[in-house]
Amino acid sequence: MNNKELSTEQIILEAAEAEFLEKGYGNAKTVAIAKRAGVSHSMLHYYFRTKEQLFQKVFKEKVQTFTQMFSVVFEKNTDFSETLRLVIETQFNFLTQNPQLPMFVIREIISNKENRDWAINTFYPHLFPFISTIEKMLNTEISKGTVRPIVIQNLMMNIISINISFFIALPALQEVFPITNDAAFTDLLNERRESNVQFILNALKP
């Protein structure tokens with residue numbers, strides 16, 4: 001594939017992502033995606049034969065980005081508390097870069113069993129090694145008495161829910177408490193990320 005083809009494919013993927021996040025999988029149209037990308041409908045189908053194939057390609061890129069971010073965390077070889085901090089911060093940072101994704105997942109993946117099953121089967125194999133490593137570290141800390149007993153499923157659900165809930169609520173919060181500049185918004189994100197870290201760490205204390 002030459003550079004021109006790669007560039008066109010990426011433009012289509014970015015247009016598809018915007019269309020899916022804005023309208024949902026069911027309401028997204030390949031004609032509209034082609035228009036966003038500035039290509040013909042036939043050109044879109046040259047690269048991606050179906051809407052489903054296009055959706056899966058977009059989602060797989062998100063999975064790859066997310067797991068690459070997690071890989072960096074576990075390359076640092078830190079202790080349990082610091083590793084957990086980095087896991088929480090990494091997920092929060094990913095959502096900062098993809099703020100529309102939580103609502104899309106809730107609206108489309110959870111309500112659509114076929115897409116949900118596909119997403120789980122795509123996502124889980126990538127995340128399993130990381131979850132397994134955290135579980136081993138967690139059990140070691142529990143046995144030492146430095147962390148209260150908790151199963152890994154509940155710990156991961158706590159992390160996911162506290163991070164995602166902020167981004168789901170953010171549009172409404174911005175209506176009630178308008179953020180007037182980028183610096184203030186950055187401060188809000190930094191404060192919330194640290195608050196989430198402290199909430200999870202404090203909840204694990206014996």
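Considering each of Leu201, Leu173 in turn, give the residue that is surrounded by 12 or more Cβ atoms within 10 Å (Cβ to Cβ) and more than 23 Å from Val105 (Cβ to Cβ).
Answer to the selection: Leu201.
Taking region 94-132, which residues are among the small types (Gly, Ala, Ser) and either surrounded by 14 or more Cβ atoms within 10 Å (Cβ to Cβ) or within 30 Å of Ser143 (Cβ to Cβ) (or both)?
Of everything in region 94-132, those that are among the small types (Gly, Ala, Ser) and either surrounded by 14 or more Cβ atoms within 10 Å (Cβ to Cβ) or within 30 Å of Ser143 (Cβ to Cβ) (or both) turn out to be Ala119, Ser132.
Can you name the residue in region 49-73 that is hydroxyl-bearing (Ser, Thr, Tyr) and out of contact with any helix residue (DSSP H, G or I) (no Cβ under 6 Å at 6 or more places or on another chain) and is also nearest to Asn112 (Cα to Cα) among such residues?
So, considering only residues that are hydroxyl-bearing (Ser, Thr, Tyr) and out of contact with any helix residue (DSSP H, G or I) (no Cβ under 6 Å at 6 or more places or on another chain), the one nearest to Asn112 (Cα to Cα) is Thr50.
Scanning region 54-84 for residues that are part of a helix (DSSP H, G or I) and among the β-branched types (Val, Ile, Thr), which turns out farthest from the chain's Cα centre (by Cα)?
Thr83
Would you check if Ser71 is surrounded by 15 or more Cβ atoms within 10 Å (Cβ to Cβ) and small (Gly, Ala, Ser)?
Taking the combined requirement at face value, the residue does not satisfy it.
Starting from region 8-33, keep only residues that are farther than 16 Å from Lys62 by Cβ, then list their pairs with residues that are assigned to a loop (DSSP other than H, G, I, E, B) and of a type in the set (Ser, Thr, Tyr) whose Cβ atoms are within a distance under 9 Å, requiring at least 6 positions of separation or different chains.
Listed pairs, sorted by first residue: Thr30/Thr50.
State which residue is farthest from Ala119 (Cα to Cα) when the search covers only region 74-93 and only residues that are of a type in the set (Val, Ile, Thr) and surrounded by 16 or more Cβ atoms within 10 Å (Cβ to Cβ).
My answer is Thr83.
Would you pick out the residues in region 36-56 that are farther than 27 Å from Ile106 by Cβ and without any contact (Cβ under 8 Å) to a residue 12 or more places away in the chain?
Selection gives Ser40, His41, Ser42, Tyr46, Arg49.
Read-outs: derived from the displayed coordinates by stated rules, not from any lab. Here the structure is a predicted model, which means the values were calculated and not measured. All Cβ positions, even for glycine, are placed from backbone atoms using ideal geometry, and neighbour counts span all protein chains on display.
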